[in-house]
1. Tell me the residue from Ala267, Ala257, Ala286, Ala274 that is in contact with a strand residue (DSSP E or B) (Cβ under 8 Å, 6 or more places away or on another chain), among the small types (Gly, Ala, Ser) and within 16 Å of ligand 2 (Cβ to nearest atom), please.
2. Examine segment 115-126 for a residue that is open to solvent by 50 Å² or more (accessible area, probe 1.4 Å), assigned to a helix (DSSP H, G or I) and among the charged types (D, E, K, R), and state whether such a residue exists.
3. Working carefully through the options Ser71, Ser60, Ser18, find the one that is in contact (Cβ under 8 Å) with a residue 24 or more places away in the chain and assigned to a helix (DSSP H, G or I).
4. Tell me whether segment 292-312 contains one or more residues that are without any contact (Cβ under 8 Å) to a residue 24 or more places away in the chain, more than 28 Å from Gly262 (Cβ to Cβ) and out of contact with any Pro (no Cβ under 9 Å at 6 or more places or on another chain).
5. Condition first: open to solvent by less than 30 Å² (accessible area, probe 1.4 Å) and in contact with a His (Cβ under 8 Å, 6 or more places away or on another chain). Now tell me which residues in segment 193-234 satisfy that.
6. Does Asp160 satisfy the condition of being more than 16 Å from ligand 2 (Cβ to nearest atom), in contact with a helix residue (DSSP H, G or I) (Cβ under 8 Å, 6 or more places away or on another chain) and modelled with pLDDT of 95 or more?
7. Would it be correct to say that Leu332 is surrounded by fewer than 24 Cβ atoms within 10 Å (Cβ to Cβ) and assigned by TED's automatic domain parsing to the domain that holds Val153?
8. Can you name the helices (runs of 4 or more DSSP H) wholly within segment 225-319 that have at least 3 residues being assigned by TED's automatic domain parsing to the domain that holds Val19 and in contact with an Asp or Glu (Cβ under 9 Å, 6 or more places away or on another chain)?
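The values are calculated or read from the model by the stated rules, or taken from the named source; none is laboratory data. Since we're looking at a predicted model, the values are computed, not measured. All Cβ positions, even for glycine, are placed from backbone atoms using ideal geometry, and neighbour counts span all protein chains on display. To get the accessible areas, we keep the full protein, side chains included, count just its heavy atoms, and leave off ligands, DNA and RNA. Shrake-Rupley method; radii C 1.70, N 1.55, O 1.52, S 1.80 Å.
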Amino acid sequence: MNPTLLAIESSCDETSASVIQNGQVLSNIVATQAIHEQYGGVVPELASRAHQQNIIPVVSQALQKANIAKSQLDAVAFTRGPGLLGALLVGCSFAKSFALGLNLPLIEVNHMQAHILAHFIDDPKPNFPFLCLTVSGGHTQIVLVRSHLDMEVLGQTTDDAVGEAFDKSAKLLGLPYPGGPMLDKLAATGDPNRFPFPIVNMDGYDFSFSGIKTSILNFVKKNSAAEADFVQNHLNDICASIQWTLIQTLMKKLVLAAKELGIKEIAIAGGVSANSGLRATLQEYAQKHGWNVYIPAFEYCTDNAAMIAMAAHYQYLAGDFTTQYASPDPRLKV
Ligand code: KG4
Ligand code: ZN
């Protein structure tokens with residue numbers, strides 16, 4: 001079987017389409033919705049409208065760049081969830097109509113599984129079983145990956161996702177949206193030990209990030225009362241200290257899971273895996289703990305349809321198709 005598939009991603013604020021042939025990504029077009037910048041965060045209603053505007057040009061470009069005609073496709077895949085309902089509906093409805101028009105089977109993909117399967121786009125690929133720390137704007141999970149389609153969430157956040165903690169911390173410091181990448185950039189030249197923030201330790205492999213946000217808020221208020229330009233004067237050190245705290249919180253549980261399960265194949269995935277501090281820390285831990293670590297290329301960290309296509313490839317091989325009655329599930333679990 002050498003399936004040629006079209007995959008569509010529309011769970012949040014990127015409209016993306018990808019063509020994959022026999023597991024090789026031929027194109028991956030991503031239209032990032034700039035409209036949300038002026039609101040300091042993703043506005044769900046505007047995201048749905050922007051997907052409506054972008055979807056046809058993005059799909060056309062993906063087919064064109066891959067040099068694949070619609071008649072060559074074997075199936076159409078879309079992100080079923082998790083994500084924003086209105087945003088998911090656009091990708092789902094488009095994929096269904098497209099598949100119906102061409103009489104093709106449909107494949108529904110779990111967005112979080114797809115983030116993990118992005119590791120199978122390029123070499124080196126992780127060996128099973130491996131642990132994946134999946135860190136995005138909506139999720140923070142430690143996942144035991146037994147095979148391409150057999151995954152178990154061992155631990156997760158009980159409140160905010162780590163990407164949210166990055167974005168909200170950045171907002172508290174007056175940085176523009178999306179704050180995560182900006183905080184990362186500023187942290188690069190700061191001292192991570194300058195300002196200690198508490199590391200919250202939950203039971204088992206779970207996380208909590210809402211307390212960190214409150215401690216940063218109190219820290220900023222207290223110090224700004226004593227020194228008017230405190231944040232501006234110490235911005236790099238504050239960013240480095242926040243980033244260090246968030247990374248340590250993640251690594252503590254990852255080390256625990258790796259130790260308790262006796263697994264040394266360790267991957268990271270999702271938008272926050274683009275963070276330079278997390279990438280460097282994982283490399284350090286690889287040395288320290290004898291881990292083989294897998295870090296996605298930047299283009300496959302944040303939302304993209306190539307990862308949806310990769311997941312669809314394995315689902316196609318497994319005969320995992322859906323029906324014309326498929327509907328999005330904003331809270332879909334791994
Ligand atoms: O996976 P993703 O694109 O979308 C979701 O599925 O949520 O992840 C987006 C998240 C945002 O919170 C964004 O701020 C964060 O990933 N992010 C980063 C970096 N790049 C993206 N956080 C920290 N450092 C970065 N370099
Ligand atoms: Zn995502």
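1. Going through Ala267, Ala257, Ala286, Ala274 in turn, the sole match is Ala267.
2. No, that holds for no residue.
3. Ser71
4. Within segment 292-312, not a single residue is without any contact (Cβ under 8 Å) to a residue 24 or more places away in the chain, more than 28 Å from Gly262 (Cβ to Cβ) and out of contact with any Pro (no Cβ under 9 Å at 6 or more places or on another chain).
5. The one that is open to solvent by less than 30 Å² (accessible area, probe 1.4 Å) and in contact with a His (Cβ under 8 Å, 6 or more places away or on another chain): Phe195.
6. Taking the combined requirement at face value, the residue does not satisfy it.
7. no
8. 305-317
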